[in-house]
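What follows draws every value from the coordinates through simple rules; no lab data is involved. The shown structure was predicted, so the numbers you read here are calculated from the model rather than taken from an experiment. Because the Cβ atoms are built from the backbone with ideal geometry, glycine has one as well, and the counts that use them run over all protein chains shown.
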C-alpha cells in the first residue's frame, strides 16, 4: 500500500471513530440509535415516504427498515399509513407529533455541537474544509466498498472489494 493510501486509510478510520463521538449518537435522546435519528430527520423533511425509499436512502434492506420502523412505531414516533395504490399494499411512513418533537430536540443539540466544532476550526480554513467534506461525502455514496443492513449491534456487512467473487458477509457485534 502506498504511503498516501495508508495515510488516507488511517485518517478515514480515525474520522469514523471520532464521528461516533460527535454524531447523532452523542446527542440522541429517547434511546434512539443514529440510524433511527436519521430516519426521523428524513421523515420530518418528507412526510409520507415509502418504506422502500426510506430503506434505499438509509442504505439498508427493506426488511431491515421494517424492523427499524417497528421500534420507532412502538415509541409512537412514526406511523404507517396505507398507500393510494390500487392494491393498497404500498405503505407510507409518516412522523408523528411526538416524533417531530424528538427530532427538533435532537436538531437543536446537533446545532449546538456543530457550532462548538466549527468555532474550534480557524475561520480561514472553514470554507475549504466544508468543500472537502462535501467531496468526501459524495465519494462515499452507495457503490463504495461495503453495504450495511440491520441495526447495531447486529449489523451485517457485505464487502464488495473482491469483484467477481460472491460478496463476503459477516455479522458485526459489540464484542468484536
Handout entry: Gained length - residue 71 relative to residue 119, 0.36 nm times residue gap less alpha-carbon distance
Key = 13.7 nm
Practice task
Would you kindly state how much longer the chain becomes between residue 45 and residue 33 on full extension, computed as 0.36 nm times their sequence separation minus their alpha carbon distance, in nm to one decimal?
Solution key: 2.4 nm
Handout entry: Neighbour-count order for 45, 107, fewest beta carbons within 10 angstrom listed first
Key = 45, 107
Completion exercise
Exposure-ranked with fewest Cβ neighbours within 10 Å first, 40, 32 stand as 32, 40
Fill in the blank from the handout: Footprinting proxy, 65, 110: sorted fewest to most Cβ within 10 Å, the residues are 110, 65
Fill in the blank from the handout: Most packed first (mean Cβ within 10 Å per residue), the peptides 131-138, 73-80 order as 73-80, 131-138
